[in-house]
Structures are given as structure tokens and as C-alpha cells.
Amino acid sequence: MNTPPTNGLIQALYDGVDFDILPTQLERADVDLELWSAILQINQSGWAWTRFCCAGHVAPDPYEWESTPYIQIIVHRDDLPRMMELSQQCVDRAHTGQKGFEVIIIWTPASPNWWAMTLHYLDSGTQAPKDEDAERGRTMLFDLAENINPSRHLRLIT
């Protein structure tokens, strides 16, 4: 369903997909700064839109999470195979063979014709502090954004 960004979004809304804030109306204050450019890039793709995201937040103990890096993306059911392939490729690239690497991909219906894919980065499998894992998670999410809508301007903020 590769259409101009607003056409596909209008169809998703018409089909009953619920957004807290419309992807076209997001402002910088609505998104963790570290993910802002990736979110904009995805929402300009014309076929995928972000619904929720978090850049990851470390708990007072630097080896624990307060919240893990994640992104939820809405796609039309016709784009499920494409999104599954792209998400699997970015997870494969993020996993560098370390033992204990943990990522969760959750698929849930957003409406009869639309699906929500949530990609959570949990742990690199190393003994690194969670701030290092958060950076790895954000890198994985930027990789996904770049594959959804390639751009020379996508920039990871650390």
C-alpha cells in the first residue's frame, strides 16, 4: 500500500486505527529526542506510521531498565510480509552473535485491515550497563527506520 503519506494514514483512520497523536501532528516534545528523526522518517514513508515509542530509560541502578527502547509501527495487512522481513533483518544485524541477546517482536491487530508491530530491545546479552544497551537498541530502531524509508538525513542522537 505504497501511497502518499497522508492517503494511507487517512485510510488507516477510516478503518478504525487509533492514534493518541496523529503521526502527521507529532511535535518534538511528543517523542524522546533520541528517536525523533527516526520517527519522522517512518511517518513519511507512506506505508508505515508510528504509534508509540521510547528511546529507553535507565533505572537508578545502571544495570537495570526503567523502560526499554521500543517502537510500535502500524502497517496495512498487505504490507505485513514486507514489515516482517524488514524487522527480522534489523534484528539479525543488531544481534552480533552474543549469547543472551533479547528482542521481542509483537504483532497485534490495530483494526480489521491494519496491524501494529512492536519491536522491543531488551538486552544485548552482555554485562554492559543499560545505557550502552539503550544505545544499541536505538541503533537497531534507526536501522529499521532506514529500511522502512531510506534517507540520507536520518541521524542517530546519542
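The values are calculated or read from the model by the stated rules, or taken from the named source; none is laboratory data. The model shown is predicted, which means the values in this text are computed figures rather than measured ones. Glycine gets a Cβ as well: all are built from the backbone with ideal geometry, and neighbour counts include every protein chain shown.
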Condition broken by Ile42, with the remaining ones in (1) surrounded by fewer than 19 Cβ atoms within 10 Å (Cβ to Cβ); (2) in a helix (DSSP H, G or I); (3) among the β-branched types (Val, Ile, Thr) satisfied = (1)
Among the residues of the stretch 120-141, is any closer than 22 Å to Leu26 by Cβ, without any contact (Cβ under 8 Å) to a residue 40 or more places away in the chain and either surrounded by fewer than 19 Cβ atoms within 10 Å (Cβ to Cβ) or out of contact with any Leu (no Cβ under 8 Å at 6 or more places or on another chain) (or both)?
-> no
Within the stretch 45-79, residues buried (at least 16 other Cβ atoms within 10 Å of the Cβ), of a type outside the set (A, V, I, L, M) and more than 18 Å from Trp107 (Cα to Cα) come out as Ser45, Gly46, Gly56, Trp65
The condition from (1) farther than 18 Å from Lys130 by Cβ; (2) in contact (Cβ under 8 Å) with a residue 12 or more places away in the chain that Pro81 misses is numbered (2)
Out of curiosity, is Ser87 polar (S, T, N, Q), at pLDDT below 90 and within 23 Å of Glu34 (Cα to Cα)?
-> no
Go through the stretch 93-128 and count every residue that is part of a strand (DSSP E or B) and either under 16 Å from Asp79 (Cα atoms) or touching a helix residue (DSSP H, G or I) at 6+ places or on another chain (Cβ under 9 Å) (or both).
-> 18
In the stretch 34-54, the residues that are over 14 Å from Ala12 (Cβ atoms) and not small (Gly, Ala, Ser) | Glu34, Leu35, Trp36, Ile39, Leu40, Gln41, Gln44, Phe52, Cys53, Cys54
Given the conditions (1) in contact (Cβ under 8 Å) with a residue 12 or more places away in the chain; (2) part of a helix (DSSP H, G or I), which single one is not true for Leu13?
-> (1)
